[in-house]
There are 2 protein chains.
Amino acid sequence: MYRTHTCGELRLSHVKKTVTLSGWVQRIRKLGGMTFVDLRDRYGITQVIANGANNAQLQEQLNSLGREYVLQVQGTVVERESKNAHNPTGEIEIEAHEIHILNKAELPPFTIEDDTDGGEELRMKYRYLDIRRNPIRQNLELRHRMAQSIRQYLDKQGFLEVETPVLIGSTPEGARDFVVPSRVWNGQFYALPQSPQLFKQLLMVGGIDKYFQIVKCFRDEDLRADRQPEFTQIDCEMSFVEQKDVIAMFEGLAKFIFKQAKDVEFSGDFPQMTYADAMKYYGCDKPDIRFDMKLQDLTAAFKGKGFSVFDSAQHIGAIVAQGCSDYSRKELDELTEWVKRPQIGAKGLVYVKYNSDHTVKSSIDKFYTAEELHAIAAQCGAKSGDLLLVLSGNTDATLNALCELRLEMGKRLGLRPKDTFAPLWVVDFPLFEWDEAEQRLYAKHHPFTSPKPEDIHLLDSKAHNVRANAYDFVVNGSEIGGGSIRIFDSALQAKMFSLLGFTPEQAEAQFGFLMGAFKYGAPPHGGLAFGFDRFVSILSGCDSIRDVIAFPKNNAAKDLMAECPTRISQAQLQELGISITEA
Amino acid sequence: MYRTHTCGELRLSHVKKTVTLSGWVQRIRKLGGMTFVDLRDRYGITQVIANGANNAQLQEQLNSLGREYVLQVQGTVVERESKNAHNPTGEIEIEAHEIHILNKAELPPFTIEDDTDGGEELRMKYRYLDIRRNPIRQNLELRHRMAQSIRQYLDKQGFLEVETPVLIGSTPEGARDFVVPSRVWNGQFYALPQSPQLFKQLLMVGGIDKYFQIVKCFRDEDLRADRQPEFTQIDCEMSFVEQKDVIAMFEGLAKFIFKQAKDVEFSGDFPQMTYADAMKYYGCDKPDIRFDMKLQDLTAAFKGKGFSVFDSAQHIGAIVAQGCSDYSRKELDELTEWVKRPQIGAKGLVYVKYNSDHTVKSSIDKFYTAEELHAIAAQCGAKSGDLLLVLSGNTDATLNALCELRLEMGKRLGLRPKDTFAPLWVVDFPLFEWDEAEQRLYAKHHPFTSPKPEDIHLLDSKAHNVRANAYDFVVNGSEIGGGSIRIFDSALQAKMFSLLGFTPEQAEAQFGFLMGAFKYGAPPHGGLAFGFDRFVSILSGCDSIRDVIAFPKNNAAKDLMAECPTRISQAQLQELGISITEA
């Protein structure tokens, strides 16, 4: 037996017991003839004390030890003289009788400490060492705990966990599909699912009633910060439900997760906000409502005073940064540079300082009287000591830039603490997006999303005004989940496909088996999917989802440890019936 | 709200309540002016009774109803006059006030009944309808229940559920790998994992200590009955363990599953059998021990009496079919044909009838006296009334044919009831297999399996005699799981690779990152994986794993419903940088 206890387990109550521990050497110190070894495993660290003075073999072993050596230690639990209150095992130590080196270790390429000296690339290449560090291990433990809680809740609510296929059919629209050549059927391909959408709807047609799955999905998309080619969804679907039923069910799930994983409780329902309000007040469809600082529409107030930049702008918007009227010239210049970065894309930044002495100072003093600027303060609730930051330009770009500026100011003002969670439902999404370049409608959510019944009469005349029974779940400005009530009527679904520019033949080729299924009695149904990686990262306070994935790929979709993707052999290509096209 | 209750929920205690149900029409009967509708959902069937006599609109709807229509019914719960004891809701019925047709249904291509008239191909094409049938739905429910039990047990035992990547590197030996061309890195490929073996070992190096995952694995292999290109494993690994620790842990898991899913309890430990005994007594490494009928080695007893078939045979073996001495000529002829089928491959079948009147009758009377045949009966425990069935030939082929004959006779004699479960650990597997054709050793389990320490000295001299710390979990003659203690010492692992014919360069290319990891302090570790599909099918009493998979592929690796694999567009191929090789 390699161990009687773990390295996190022993307490004063174990004193005088003979125990065996196994683990890694975290630290070695010598003091006189004594050697102190901190022995580490997943569960904790226990101090081992060894005296090699009268035991040459033991002493030799002690002298040979290095960091990350794997040891088995037999000894007696004794009470420590100088206790360590920061360590749960800090009241005891092990007086070693015998030490057995189970495995040696080369010096790791970075330190196995909470704050390591390894950069991300090095940590990824040696991910198995990175995982030994508390922060990464704790993320994986949190992820485990959340996964178990999710299943516990959904099982109790009558959901069935059903596995849907990973090898599915590719669809002509699936430009971001990973495909898999078949060896058995040369020239033919499977695709990896971007989501189990069709299959979960078929499960509803099949009467499964309540389905969930924590499932890998795949997207071969252009590289964007903090996306992974494979990612995990908490995928759910229910029959005989309306939007409010789905929201109630998964609000319950979210509350259960917060409670189980972080001991955070919420009183009352999560707030709901329409898409229109989210865009108006926050400039985006996933507002961070940990702090207020709503966007102010000052278009009317600022226009017509001779300032040509504003006069020619489609939209003039602002935020009020409370208590920031003392920003220095340098700070304002830096902020101006910040909004002009290509990611933000503003042309410039106008400020108005409402000083504590009730004077006003702005970059556009020339065009606006103090009275006019005070009137604007009154309109947007700015007080003495506040700073008004104003952007202008075309509406979409300005709202977007204001959204980013708001988030940035929130961060700078400490209004976005990682341990505060502000969940929000965003509802009443538009059913379509209009693509100006291609002059056609796209489904905002996906082609199976149901329009609001009261808006169906607008489908032919004002499709862009039709709202969907679609909802997103947002926490701290991140979209954690989204879903919709689905169309379950063949005729309405055919109408949707036609509005989206599919010919009946194209619709049949892509979605034929779903349309076929709908002929045999489809129930009303709807659902939701959470992005599990993002959900864990929000709860763990990590900035990147890579920190909550055991073996992530980097932003170039490469696994630096396993070194993939790679070339494969000519023989393998031949068997698959494919060849590499020279570019 | 679509429903207040499910179709499986209402009882006498609900009488007089106004309720709303939603579900599918299972059956419609008319009796006088009354219409009886059996309304079905996942939870059960409730009888609805409607009187359209004084309600033209209702009558019209009732007249239009067909099987599998989706209805919403509002009505009052009333006590039934003629109760149906076979149905949990059979004491009540719903007097309908209002019926709302939520969706119509075409006539299904097969009946939605426990015993359907649909063949497997049709059922697969319309799998969403097949899932509505009780037997399939119950299998999916069992699968769900087992998955939850597995997680509950392993979570309690301190295992962490960790997701390993699906897009991994291909290895030169991975001839059965599915590969995935990268769009971002043209000419390079990911592979889909045949198992998470390397990653789970890396998690042990990373100090995760106890890992599990219920995970999809993939194998692009030649088509065999009842295999799927994607299948699900319960994959587990533990650190600081020996074989007995692993077996104890997963025997506990198996017992928990049997109890939770089937209410079956086992007293005492599961039996263990060495690989050598399994081959000797059952002719295979996965014995069905629901019944005895062990193989008898009669080589010595039968040889040297002038029967040339036996005299020239390497091995003569037999089984005793109890109480079968009255088999007719026709039955014996049929059995002889059965063993001569190519799948069994015997040249012929010799029988000895030990008749109830103590006479002996055999197909080889000419060569053996009654005394000699009685002596053989004594040797193998045959009694009056029993039938001895004898096969001969080369040892491996004969043992294999006897194994099949034993299973067949067990089936014919009703000794293999589906609701009896006989679990078994097969241990002490050989480390290597010798490939006669290629004149080289192969790893019986995989190259990371640890030899038994007491056999290590044989590695150079008698490698084929080296036993492994490997074990299989067998239930009712099916291998449900298997695993091993792994090598955790770089030098021994290098030795293994060399014995398996890898050059150091090949070993480095294939397993470099595992070998690299082992340099930084690998703990002793071992584990096991269960085949989840097979495990569910054994517990459900299904013959095929297809019946316990929601959307299986057929034996030609095709999904008949989603119609994949398929050709993909030229544009897609171009983006991926590959082309189809014309065969």
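Going down the list A:Lys210/A:Lys262; A:Lys418/B:Lys519; A:Lys418/A:Lys462; B:Lys255/B:Lys340, which pairs span over 30 Å between their C-alpha atoms?
With Cα atoms farther than 30 Å apart: A:Lys418/B:Lys519; A:Lys418/A:Lys462; B:Lys255/B:Lys340.
What base-10 log of the normalised intensity I(q)/I(0) is obtained for the range B:423-490 from the Debye formula, alpha carbons as equal point scatterers, at q = 0.23 Å⁻¹?
Listed by q, the Debye log ratios stand at -0.98.
Could you compute the FRET efficiency for B:Leu413 and A:Val184, with r as their C-beta to C-beta distance and R0 at 51 Å, rounded to 0.05? Spell out each step's value before the answer.
Details: r = 39 Å, r/R0 = 0.76.
FRET efficiency, B:Leu413 to A:Val184: 0.85.
Heavy atoms only, 1.4 Å probe, whole protein assembly: order B:Asp489, B:Asp235, A:Asp155, A:Asp460 by accessible area, highest first.
Accessible-area ranking of B:Asp489, B:Asp235, A:Asp155, A:Asp460, largest first: A:Asp460, B:Asp489, A:Asp155, B:Asp235.
Can you figure out the FRET efficiency of A:Asp311 with A:His446, using R₀ = 41 Å and their beta-carbon distance, to the nearest 0.05?
Once rounded, the FRET efficiency stands at 0.45.
In terms of the Cα gyration tensor, with a ≥ b ≥ c the square roots of its eigenvalues, is the range B:1-122 rounded because a/c is under 1.5, prolate because a/b exceeds b/c, or oblate?
oblate
What is the distance in Å between the Cα centres of the range B:514-532 and the range A:505-532?
So the two Cα centres are separated by 42 Å.
Please average, across the residues of B:226-235, the number of beta carbons from any other chain that are within 10 Å of each residue's own beta carbon, and give a whole number. Can you show the working numbers first?
Details: counts 0, 0, 2, 8, 5, 0, 1, 0, 0, 0.
That average works out to 2.
If you bin the C-alpha pair distances of the protein assembly as shown every 10 Å from 0, what whole percents do you get?
All Cα pairs, binned at 10 Å, distribute as 2, 8, 14, 18, 18, 16, 12, 7, 3, 1, 1, 0, 0 percent.
Across 10 Å bins from 0, what is the distribution of all Cα-Cα pair distances for the range A:447-579, in whole percents?
Calculated P(r), rounded to whole percents: 10, 23, 22, 24, 18, 2.
Which value, in Å² rounded to 10, gives the accessible area of A:Thr420 with a 1.4 Å probe and all protein chains present?
60 Å²
Taking only the alpha-carbon atoms of the range B:1-46, what semi-axes of the equivalent ellipsoid follow from 5 times the gyration tensor eigenvalues under a square root, in whole Å, largest first?
19, 14, 10
What's the average, rounded to a whole number, of partner chain beta-carbon atoms within 10 Å of each residue's beta-carbon in B:188-197? Intermediate results must be reported in sequence, preceding the final value.
Numbers: counts 7, 12, 15, 7, 6, 0, 0, 0, 1, 0.
Average neighbour count from other chains, rounded to a whole number: 5.
Which lysines have a Cα less than 19 Å from the Cα of A:Lys17, not counting those fewer than 8 places away in the same chain?
Within reach: A:Lys83.
Using the Karplus curve 6.51 cos²θ - 1.76 cosθ + 1.60 with θ = phi - 60°, work out ³J(HN,Hα) for each residue of the range B:541-552 in order, rounded to whole Hz, and write x for Gly and Pro.
Taking θ as phi minus 60°, the curve returns x, 8, 7, 10, 5, 4, 7, 10, 10, 4, 10, x Hz for the range B:541-552.
Helix B:395-412 versus the longest principal axis of chain B: what is the Cα-based angle in degrees, 0 to 90, to the nearest 10?
Helix B:395-412 and the main axis of chain B meet at about 30 degrees.
Heavy atoms only, probe 1.4 Å: what % of the accessible area of the protein assembly as shown goes to carbon and sulfur, would you let me know?
With neighbouring chains kept in place, the figure for the protein assembly as shown is 49 percent.
Over every pair of different alpha-carbon atoms in chain A, take the mean of 1/r and invert it; report that Kirkwood radius in Å. Present the calculation step by step, with values, prior to reporting the outcome.
Values: mean 1/r = 0.0350 Å⁻¹.
Evaluated on chain A, it is 28.6 Å.
Run the numbers on the range A:1-19: which residues show a drop of 20 Å² or more in accessible area, chain on its own versus all protein chains together, using a 1.4 Å probe over heavy atoms?
Buried-area filter returns A:Met1, A:Tyr2, A:Arg3.
Return the lysines within reach of A:Lys361: Cα separation strictly under 20 angstrom, same-chain partners fewer than 8 residues apart disregarded; answer none if there are no such residues.
A:Lys303, A:Lys305, A:Lys330, A:Lys353, A:Lys383
May I ask for the angle, rounded to the nearest 10°, between helix B:134-156 and the longest principal axis of chain B, with both axes built from Cα atoms and the value confined to 0 to 90°?
60 degrees
Which of the trypsin sites (Lys or Arg not before Pro) across the range A:433-470 are loop residues per DSSP, with 13 or fewer other Cβ within 10 Å? Provide the component values of the computation, followed by the final result.
Working: sites: A:Arg440, A:Lys444, A:Lys462, A:Arg467; in loops: A:Lys444, A:Lys462.
Answer by residue number: A:Lys462.
Provide the solvent-accessible area of A:Glu221, counting protein heavy atoms only and rolling a 1.4 Å probe, rounded to the nearest 10 Å².
Near enough 40 Å² of accessible area.
Rounded to whole Hz and in sequence order, give me ³J(HN,Hα) for the range B:279-287 from the Karplus expression 6.51 cos²θ - 1.76 cosθ + 1.60, θ = phi - 60°, writing x for Gly and Pro.
Running phi through 6.51 cos²θ - 1.76 cosθ + 1.60 with θ = phi - 60° gives 5, 5, 8, 10, x, 7, 8, 9, x Hz.
Measuring nothing but label to label, 7 Å from Cα along Cα→Cβ, what are B:Gln506's distances to the other copies in nm, shortest first?
Reported distances to equivalent positions: 5.1 nm.
Go through the range A:382-394 residue by residue and turn each phi into a ³J(HN,Hα) via Karplus (6.51, -1.76, 1.60, θ = phi - 60°); whole Hz please, and just put x for glycine and proline.
Taking θ as phi minus 60°, the curve returns 7, 10, 4, x, 9, 10, 9, 10, 10, 10, 8, x, 6 Hz for the range A:382-394.
According to a simple spin-label model (label point 7 Å from Cα along Cα-to-Cβ), what is the distance in nm between B:Asp245 and A:Glu242?
5.7 nm
Quantify how strongly other chains surround peptide B:427-435 by giving the mean number of their Cβ atoms within 10 Å of each of its Cβ atoms.
Mean partner shielding for this stretch: 0.
Order B:Glu563, A:Glu91 by their accessible area, 1.4 angstrom probe, all chains in place, largest first.
Numbers: B:Glu563 115, A:Glu91 80 Å².
Ranking B:Glu563, A:Glu91 by accessible area, largest first, yields B:Glu563, A:Glu91.
Would you kindly calculate the translational diffusion coefficient of the range B:526-571, applying Stokes-Einstein with the Kirkwood radius from alpha carbon pairs, for 37 °C and a viscosity of 0.692 mPa s, and quote it in µm² s⁻¹ without decimals?
255 µm²/s
Taking the mean number of other Cβ atoms within 10 Å as a proxy for protection, how do you rank B:377-390, A:312-325, B:296-309 from highest to lowest?
A:312-325, B:377-390, B:296-309
Please give the helix A:243-262 orientation as an angle from the longest Cα principal axis of chain A, in degrees from 0 to 90, rounded to the nearest 10.
Approximately 30 degrees, to the nearest ten.
I need the shape label for the range A:101-223. Rule: rounded when a/c is under 1.5, else prolate if a/b > b/c, else oblate, with a, b, c from the alpha carbon gyration tensor.
The shape class here is oblate.
For the range A:175-317, just say rounded, prolate or oblate: build the C-alpha gyration tensor, square-root its eigenvalues into a ≥ b ≥ c, call rounded for a/c under 1.5, and beyond that prolate if a/b exceeds b/c, oblate if not.
On the way: a/c = 2.62, a/b = 1.52, b/c = 1.72.
Oblate, since a/c reaches 1.5 and b/c is not below a/b.
For the range B:313-372, with only Lys/Arg (+1) and Asp/Glu (-1) charged at the beta-carbon, what is the dipole magnitude about the Cα centre, in debye rounded to 20?
So the dipole magnitude of the range B:313-372 works out to roughly 280 debye.
Which of B:Ala53, B:Pro135, B:Gln26 sits closest to the plus end of the dipole of the protein assembly as shown, meaning its Cα is farthest towards the positive end, when Lys and Arg get +1 and Asp and Glu get -1 on the C-beta?
B:Ala53
Suppose accessible area is computed on protein heavy atoms with a 1.4 Å probe; arrange A:Lys411, B:Lys366, A:Lys17 from highest to lowest.
B:Lys366, A:Lys411, A:Lys17
At a probe radius of 1.4 Å, what is the per-residue accessible area of A:Lys262, in Å² to the nearest 10?
Here the residue's solvent-accessible area equals roughly 80 Å².
To the nearest hundred square angstrom, how large is the accessible surface buried between B and A, total for both chains, probe 1.4 angstrom?
Rounded to the nearest hundred, the buried surface is 10700 Å².
Measuring label to label, 7 Å along Cα→Cβ, what does B:Asn84 give against each other copy in nm, shortest first?
Computed spacing set for this position: 6.9 nm.
How big is the equivalent ellipsoid of the range B:327-391 along its three axes, where each semi-axis is √(5λ) from the Cα gyration tensor, reported in whole Å from largest to smallest?
22, 12, 11
Jot down the radius of gyration and Dmax of the range B:467-524, Cα atoms only, both in angstrom.
Final numbers for Rg and Dmax: 14.4, 43 Å.
How far is B:Val264 from itself in the other copies, in nm, if each label sits 7 Å out from Cα along the Cα-Cβ line, shortest first?
4.5
The values are calculated or read from the model by the stated rules, or taken from the named source; none is laboratory data. This one's a predicted model, so the numbers in the text were calculated from it and none came from an experiment. When we count neighbours, we look across all protein chains shown, and the Cβ atoms used for this are built from the backbone with ideal geometry, even at glycine. We work out accessible area using only protein heavy atoms, side chains counted, and drop any ligands, DNA or RNA first. Shrake-Rupley method; radii C 1.70, N 1.55, O 1.52, S 1.80 Å.
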